[in-house]
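> One structure coming up, written as C-alpha cells, with questions to follow.
The values are calculated or read from the model by the stated rules, or taken from the named source; none is laboratory data. Computed from a predicted structure; not experimentally measured. Backbone-built Cβ (ideal geometry, glycine too); neighbour counts: all protein chains shown.
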Number of protein chains: 4
Amino acid sequence: MKLNRKLRMGMVGGGRGAFIGAVHRMAARLDGEIDLVAGCFSADPKKSKLSGEDLFIDPSRVYATYEEMARKEAALPADQRIDFVSIVTRNNTHFAVSKTFLEAGFHVICDKPLCFSLKEGLKLREIVRQSGRVFALTHNYTGYPMVKEAREWVRAGKLGKLMKIVVEYPQGYAISALETGTTGQISNWRMDPSVSGLSNCMGDIGTHAHNLARYITGLDVEEICAELSTFIPGRPLDDDGNCLVRFAKGVKGIIYASQVSSGEENNLNIRVFGTKGSLQWFQENPNELIFKKADSPQLVYRRGNGYLSAAAQGATRTPFAHPEGFIEAFANVYRSAGKAIADAIEGRKPGKDAYDFPTIDDGIAGMAFVETAVKSGKAGAKWVKFPKVFAAAKT
Amino acid sequence: MKLNRKLRMGMVGGGRGAFIGAVHRMAARLDGEIDLVAGCFSADPKKSKLSGEDLFIDPSRVYATYEEMARKEAALPADQRIDFVSIVTRNNTHFAVSKTFLEAGFHVICDKPLCFSLKEGLKLREIVRQSGRVFALTHNYTGYPMVKEAREWVRAGKLGKLMKIVVEYPQGYAISALETGTTGQISNWRMDPSVSGLSNCMGDIGTHAHNLARYITGLDVEEICAELSTFIPGRPLDDDGNCLVRFAKGVKGIIYASQVSSGEENNLNIRVFGTKGSLQWFQENPNELIFKKADSPQLVYRRGNGYLSAAAQGATRTPFAHPEGFIEAFANVYRSAGKAIADAIEGRKPGKDAYDFPTIDDGIAGMAFVETAVKSGKAGAKWVKFPKVFAAAKT
Amino acid sequence: MKLNRKLRMGMVGGGRGAFIGAVHRMAARLDGEIDLVAGCFSADPKKSKLSGEDLFIDPSRVYATYEEMARKEAALPADQRIDFVSIVTRNNTHFAVSKTFLEAGFHVICDKPLCFSLKEGLKLREIVRQSGRVFALTHNYTGYPMVKEAREWVRAGKLGKLMKIVVEYPQGYAISALETGTTGQISNWRMDPSVSGLSNCMGDIGTHAHNLARYITGLDVEEICAELSTFIPGRPLDDDGNCLVRFAKGVKGIIYASQVSSGEENNLNIRVFGTKGSLQWFQENPNELIFKKADSPQLVYRRGNGYLSAAAQGATRTPFAHPEGFIEAFANVYRSAGKAIADAIEGRKPGKDAYDFPTIDDGIAGMAFVETAVKSGKAGAKWVKFPKVFAAAKT
Amino acid sequence: MKLNRKLRMGMVGGGRGAFIGAVHRMAARLDGEIDLVAGCFSADPKKSKLSGEDLFIDPSRVYATYEEMARKEAALPADQRIDFVSIVTRNNTHFAVSKTFLEAGFHVICDKPLCFSLKEGLKLREIVRQSGRVFALTHNYTGYPMVKEAREWVRAGKLGKLMKIVVEYPQGYAISALETGTTGQISNWRMDPSVSGLSNCMGDIGTHAHNLARYITGLDVEEICAELSTFIPGRPLDDDGNCLVRFAKGVKGIIYASQVSSGEENNLNIRVFGTKGSLQWFQENPNELIFKKADSPQLVYRRGNGYLSAAAQGATRTPFAHPEGFIEAFANVYRSAGKAIADAIEGRKPGKDAYDFPTIDDGIAGMAFVETAVKSGKAGAKWVKFPKVFAAAKT
C-alpha cells in the first residue's frame, strides 16, 4: 500500500457480541494501514450506537441504517469519507448491502458466503463489474502463508500431475445441544433458510473447504455427488455433508463438512495427491505444510523460513516458530485487498497477479458449490453437474 | 490356551521372499504356544524345500503340493500331525486350499481377502459349517489392543448414538513406478484379475478399511456409492477408490482406499462420531486411541494402562509405552484362534464371545464389500445395495 | 480499559527493519484501544523520520532523540501528549530511556531483558517506585492463554506438591553462520558485551525460560549450577547454557537455552511435575496444554474452550481452533498493562490481582538469573546462590 | 545365523509374573532361530517348576538352582545342551550367575544393569575375557532400527561436529503410590540397596539413557555433575536425577531420568546437536527419526524405507508403517548376539563390526555412570570425573 495515509474503513454489521465483526476489525487493524471511521453496526440503531462508542467512532458517523451510511458517507468530502466498507452481516443481506455501497462508489470487503443464492451472486457479479470497484470476499483460510506455499507447489509442478484431493471440515459445535436435548438453544440464523439460504453446513463451512481446494489447485469442480444429512432432529437444513467430487482434468476428490462431529473444533484440512508427491495442511496447525513422496523422508515446511516461496514469505509478519494464526491469515486478505483499493484510488493498474485475495468469482464458485451439493443431496446423492458460471467470465 | 503342549501348525505359501508368510510365522511364534512343523511353501517344489530348510522344518514334512500335504499330514499319528494350517497364498487359491484342509479335518487360519469372489466365499462358508472346524481370517488390524478398546467404547455407548464413520486407507507404494515410468515393474499379481479377482485396491486394502469399521461399530453396510479409479495407465484394475457408504441404523460414512497416494505408507485410520463423543485411531500410531467430546479436553488413551477395558488389556504383552506394533496385533489373531483350536481339540465349548478373531462371516462381508463397490464403480458411481449375505446366517 | 478514548502511545526504537518494534506495534494495535502517535524510532534522526512516515505519524511528533521526545511530549497539552512510551531499544539503553520517561511522568512498557545489569535494574526499580507510574516488561510468552491456564492449575493445586520443573529454549539461528564459516555475518549486538551485558544466550532467551517457570509456578530460584558454552569460535559471550536449578520449596529443575541447536526454531517449552499430575506446554504449539497423571488418559486442553479458567478465557480473542499465536500473546501484555495505565490515569486502584503483566520485579528476577548463571558458569559450573533481590520488596 | 539348527537357550529367572523374562523369551522366539529348552525360572523351585510347565519345557531340564542347571547342562551331550543362557534375575545376582555359566563354557545374554557395582563389573569383564565366550547385555533400546540409523548419521558426519546431547528418561510409575499414600505398596527390590546397588533410578533407567547417548554418538563421559533426589518419602535410594555431563571432545550434555514424573510412561528420548544438523528420537514413537537443520525443512525419516542405512534396514522385519516396537527392538539384540554365538560355535571370526549388540564394555560404562552420578549426588552435585575403565581395554 503506497498511499501516504491510512485507508478509511466503514463497517456494516459486527455490533456488540458478534464474533466475525470483531475478527474483521482486528484483521483490518493489524498492519496499521487501515482505520475504522464509520459504521452501521446493527439493524438495531441503539445497539449500533453503543457499538460505535465501544469502538471510539465519531458518533456522527455511526448510522442507523446502511442506506443512510452509504448516502451520507458519499456526501462527505473526499478526504474524510470512507474508502471501503466491510460487510459482516448475515448471508441474506450481503447482496443488498454490497450493491448499495458499490453503486455509491465504495470498494467492498464482504464476509462469505457471497450471498443468499447463486442467482443473487451472478447479479452481484454484474454490479461489481459495472462499478469498477474492488470487491473482496473473506475466504480467510487462503490467507495462511502455508496455504499460499501449497498453491505455489501445485503451480510449480512439485506434486506432478494431480490425481486426488481430500478436504475435510469437521466441527462439533452443533452437537452440544443435541447431547443435552436443548436443540432449540443453538438454533441460530444459520439454520434459518430465510436467512442462510439453501444450506447450513455446506454454506457456512463447506464453501471454505471447496474454496481451499480451488485456491490451492486452481481446479474447478465438474460434478458432485453429495450425501447431505440433518442429524439434529427438527433442523430444517443440513448439518453434515459428504461429497464425492469430480474436478477438472480427471482429478477425483472428497469434500466433507460437518457441524456434528463431536469434539472436533475447527479441523479444516486438505491433502492433495499428485504423481510426484503429496501435500497436507491442517488449519489447526497452520504454520506447517507437509510434503510426502515415495522413497523419501517426509518434509515438514514451516512458516517464516527463507526456503519458502515469495508468496508465503510475503504473507508473514513474524520469524519462524513465533506462531501466526487465524487473525494474521485474515489480515492477509485485508492487506492484499487494501493494496488493490489503494492502487484503485491512485489509479495504478498492476497486472492481475498483483493481488492475492478472494474475489467475486470465488464467491460465485462457492454459491455454485452449495447449490450443486444441495441439488445432489435432495436427489438422494446423485451426480449433478456444476453450472457453467465461468463460461462468460473466462472469454 | 490350555493344551499341555504347543499347537502344531502347517503353512501353505510363504516361501522365501514372501512378506506376509514371514509375518504369519512371527505372529504364530510370538507367544511360544505354536510350532511350525510342516509346510508347502511354494508351488515350486524346489523353492518349497529350500524354504523348509530355512525354517528348520523336518524335510519329510515339507511337501511339493498342498494336496499332498493335507493327505500325508492327515495320515500321521494324532500326536504328530498338524493341528491347523495357515494359508498365505494368493487370493485365487484360498478357496481350494481351505476346502482341502477343512475336508481333511484341519482347522484353518487364512490370509485375507477371503477368496476370489463372493460366490466362492459363500460356498466356502458352507464347507466351514459342515466341517465344524475353526476358520480364522487374518484381518490383523482388529488385533490391535486400542482397536479392541474402540469397540468396547461403542458397545458401552460411550459415543452415544452413532452418526458418522470415516475410514481412510491411503498407501502410495504403487506410485513409485508411475513416477519413474516403469509401471511394468510393479505389475504384481494383485493387478492380475485372474489372480486377484474383481478389484486390486478395494480387495487388498479396502477390505481392511471396511472390516475395521465393521469390527468397531458392529454395523453392516446397506448401500455403497463408489468412485473407483485407475490412475496408473495401463492397469486393468482399480488403484484408488472413494466410497460413500450407508451403514445400518442411518449411519453415514466415507471409506476410501488408495495405492497411489504419493508418500503415504500404510495410513489406515478410522474416526467414529456419535452424539456423545467421537473416537480416532491411526494404525501408524497404534498405541493411542483418542476420545473427543464437546466442551471437554481431548483424551488420549494409551495401550497398557489399567484404565482400559479387559479386551484391550488382554490383547497386550508389554507395559505402557513399551510400544507394540503390527506383529503383536497380528499375533493376537493367532492367539485367539489358537485358543479356539485348542478348545475344539479338547472338546470345550465356551460361549460365542469367548474368542475375538475374524471369522468366515467377516470374510463374506469383505467379499460383498468388494463386489458391491466394483458394481457401483462400473456403473459410474451409482448407489448399489449390499447383498443379503447374512440373512440366512442370522436366522 | 474504560477510558472513553484510545490510549496514546509513543515508541523509542523500532525503526525500519527492526523485528521487535514491529511486533510491539502490532500487539499494541490489535485491540483497537491504543494509538501510536509519537516516536523516536532510531538513534539516526533521518531513519527515525522515515520510520515515522511509514507509520503515518505526524512529523512534528517524530523526534531526533528520546530526551527531546520526553521533554516535548511532556510539554504538550494533557489531551494530546502520549500516555505511555514503549521502549524497544537495545539492552544497554533500557535504563536511561526508562528513567527519562518515568521521571517525565510517563508510564512505560519496556522490552526485555530489563536492562544491562542487575545493579542497573535495582536502581530502576527505585525509580519506578518513586515515579508511581506503571512499568511493564514484555516477557510476552506469559501472555499466552494456555500459560495462564497452567498457572491457574498450579495455584489451584491440580498438580499437587511440585517436585520438578524442566524448561527448554533451544534455537538454532546462530548456527547457520557457523556452518558456512561466516560467523562475522551474524555478529550482532547481542554478542557485544558493551551492548548486551554479561550474557548473550542467557540474557536473550534464558530469561524468557526462567520467567516462564517463575510465572507458572510462582517459585523463586535459590541456587544455580550453570554450564555456559560458547560453541561458535571467536564469540565473546555464551551461545548455549545448561543449568541445574534449585527452586524454593525443594523443587528441582533444569533450565537450558541455546542458540546453536541446529534446526531448532523457537522451541521454548516447559514441563512441571507434581505429586498429583504434570503439565506440558510448547510455545510452537501454543494453543494446547497437556495434563498427565498416573493411571489416567492424557488430557489435551485447548484454548478457547469454556472449560478453561477465567484467566485463560479472558486472554483469548477467537473461538477454539481458530489458532492464536505470538502476536496475540504479546498483545495480552499490552492489554493488561494498558488497563493499568488507564486505571492510573483515571485514579482507579483495583487490587493487586487486577492485572496480569510482567513487572519490574520480573525484570529484576531475570537480571539476577543472568548474573547468577554467568557467575556459576565462570566458576566452572559451581553452585551459586541467587541474590536476595526480593527481601526488601516483600516486607 | 548360519547354523543348520536353532540355537538352544536356557534361562535363569523370569518365572511366572516376571515382566522382563517374558520379554526376553518373546525376543528370543521372534525370528524362529532360538528355542528355549531349559531353565531355572525362580529361586523358589516350586515356582520354577510351574513356570517350566507353562513354557512346555521338558521337566528334566527345569532346575532348582542355577548352579545345578549349569552343571547338569554342561554334562549333557553337545547336541542337546544349551548353547547360551539368558539371565533375567535381579541386579545383585547377575555377577554370580554369569560367572557360573561362563566358566561352565556357556555364552551369556544378561539383562541390564550389568551387575551390582562397578567393581563387580570389572571382575566380570575379566571372566568374560578369559572365557572367550559371547557376553551380551540387553540394552534393548539400541536395538531400534531408527537408533541404528541415528548412529550411522553421526558416524557419517551428517550432523557435523557434535556440540550437545540431551537425553531424557521420565517415567511416572512410582508416583501412583505417593499420590495415594501407599508408598509401601510399590516398594520393590529396585528400591532395596542390598539388591539394586547404589542407585534405583540411575541404575534402572539412567543407564539406558546413558547407553543410548554412548551408542549413538560413540562418546564416553568425562565428568558428571548430578543432582539426585528422593521425592517419595522414606525411600533409601534416588527416584529422580538431573545430570550435567561433559562428554569427550568438548561435547556438553544433559541426562535426566525420573520415576516420579507424574503421568509419564516410558518417555526415553534423545536429541543430538551438531554444527550441521541435529537428530531427535523418541522411544514412544520409535519408527521415526527426525533431522533438523537450519534453513531447511524438517525431515522425518521412517523405519522400513529404502533410503535408510543398511544398519537400519537390516534391523527391520516389516515394511514401512507396519509399526515395530519394543519386542522387535529387543529381538534385534538377540538376533545379533545369536549370530555371534553361532559364529563362535562354528569357529567363524568375522571382523569386529560384524555384530551390533551391547557388550560387557557397555555394561562397565553403565556401572561407571551410576557410580559417578551417585558420588556426585552425594557430594551435593559437584563435578566428579568418570573412572578410567577403558584405558586398559583400549590399549
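> Every residue in segment A:302-321 that is crowded, with 24+ Cβ neighbours inside 10 Å and either farther than 30 Å from D:N305 by Cβ or touching a Leu at 6+ places or on another chain (Cβ under 6 Å) (or both), please.
Answer for segment A:302-321, where residues must be crowded, with 24+ Cβ neighbours inside 10 Å and either farther than 30 Å from D:N305 by Cβ or touching a Leu at 6+ places or on another chain (Cβ under 6 Å) (or both): just A:A315.
> Pairs, please: C-beta under 6 Å, at least 6 apart or cross-chain, first residue surrounded by fewer than 21 Cβ atoms within 10 Å (Cβ to Cβ) and in segment A:260-289, second of a type in the set (S, T, N, Q) and not in a loop (DSSP other than H, G, I, E, B)?
From segment A:260-289, the pairs are A:F282/A:N269.
> Filter segment A:150-169 down to residues that are away from chain B (no Cβ under 14 Å) and either among the basic types (K, R) or crowded, with 24+ Cβ neighbours inside 10 Å (or both), then give me how many there are.
Residues meeting the conditions: 3.
> Moving on. Every residue in segment A:297-325 that is of a type in the set (A, V, I, L, M, F, W, C) and within 12 Å of chain C (Cβ to nearest Cβ), please.
If the condition is that a residue be of a type in the set (A, V, I, L, M, F, W, C) and within 12 Å of chain C (Cβ to nearest Cβ), then A:V300, A:F320, A:A321 are the ones that fit.
> Name the residue, out of C:S194, C:S176, that is out of contact with any helix residue (DSSP H, G or I) (no Cβ under 6 Å at 6 or more places or on another chain), more than 30 Å from C:G347 (Cβ to Cβ) and free of Cβ contacts under 8 Å to residues at least 40 places away in the same chain.
Among C:S194, C:S176, only C:S176 is out of contact with any helix residue (DSSP H, G or I) (no Cβ under 6 Å at 6 or more places or on another chain), more than 30 Å from C:G347 (Cβ to Cβ) and free of Cβ contacts under 8 Å to residues at least 40 places away in the same chain.
> Testing D:K349 on (1) surrounded by 18 or more Cβ atoms within 10 Å (Cβ to Cβ); (2) more than 12 Å from chain B (Cβ to nearest Cβ), one condition comes back false. Which one is that?
Unmet condition: (1).
> When you look at C:S278, is it in contact with a Lys or Arg (Cβ under 6 Å, 6 or more places away or on another chain), within 12 Å of chain D (Cβ to nearest Cβ) and within 17 Å of D:G172 (Cβ to Cβ), yes or no?
Answer is yes for this residue.
> Have a look at B:T372, B:T316 and point out the one that is part of a loop (DSSP other than H, G, I, E, B), modelled with pLDDT of 95 or more and out of contact with any His (no Cβ under 7 Å at 6 or more places or on another chain).
Within the list B:T372, B:T316, the selection yields B:T316.
> What residue, of D:F84, D:F41, is farther than 24 Å from D:D204 by Cα and of a type in the set (F, W, Y)?
Testing whether each residue is farther than 24 Å from D:D204 by Cα and of a type in the set (F, W, Y) leaves just D:F84.
> Where in segment A:22-132 are there helices (runs of 4 or more DSSP H), lying fully within it, with 2 or more residues that are more than 14 Å from chain C (Cβ to nearest Cβ), loosely packed, with under 15 Cβ neighbours inside 10 Å and under 21 Å from the mean Cα position of the chain (by Cα)?
Ranges flagged: A:118-131.
> Within segment A:75-113, restricting attention to residues that are among the charged types (D, E, K, R) and in contact (Cβ under 8 Å) with a residue 24 or more places away in the chain, which residue is farthest from A:R61 (Cα to Cα)?
Restricting to residues being among the charged types (D, E, K, R) and in contact (Cβ under 8 Å) with a residue 24 or more places away in the chain, the top hit is A:K112.
> In segment B:10-21, what count of residues is obtained for those that are surrounded by 20 or more Cβ atoms within 10 Å (Cβ to Cβ), touching a residue at least 60 places away in the same chain (Cβ under 8 Å) and either closer than 18 Å to B:W189 by Cβ or within 14 Å of another protein chain (Cβ to nearest Cβ) (or both)?
5
> Hey, can you tell me all the residues within segment B:114-171 that are of a type in the set (S, T, N, Q) and touching a residue at least 40 places away in the same chain (Cβ under 8 Å)?
B:S117, B:T138, B:N140, B:T142, B:Q171
> Separate question: Out of (1) over 16 Å from D:P113 (Cα atoms); (2) in contact with a strand residue (DSSP E or B) (Cβ under 7 Å, 6 or more places away or on another chain); (3) in contact (Cβ under 8 Å) with a residue 24 or more places away in the chain, the odd one out for D:I205 is which?
(1)
> Restricting to segment D:107-153, name every residue that is β-branched (V, I, T) and in contact with a strand residue (DSSP E or B) (Cβ under 7 Å, 6 or more places away or on another chain).
Answer for segment D:107-153, where residues must be β-branched (V, I, T) and in contact with a strand residue (DSSP E or B) (Cβ under 7 Å, 6 or more places away or on another chain): D:V108, D:I109, D:V128, D:V134, D:T138, D:V147.
> Can you say whether A:A368 is away from chain C (no Cβ under 14 Å), crowded, with 17+ Cβ neighbours inside 10 Å, among the small types (G, A, S) and in contact (Cβ under 8 Å) with a residue 24 or more places away in the chain, as far as the supplied structure shows?
yes
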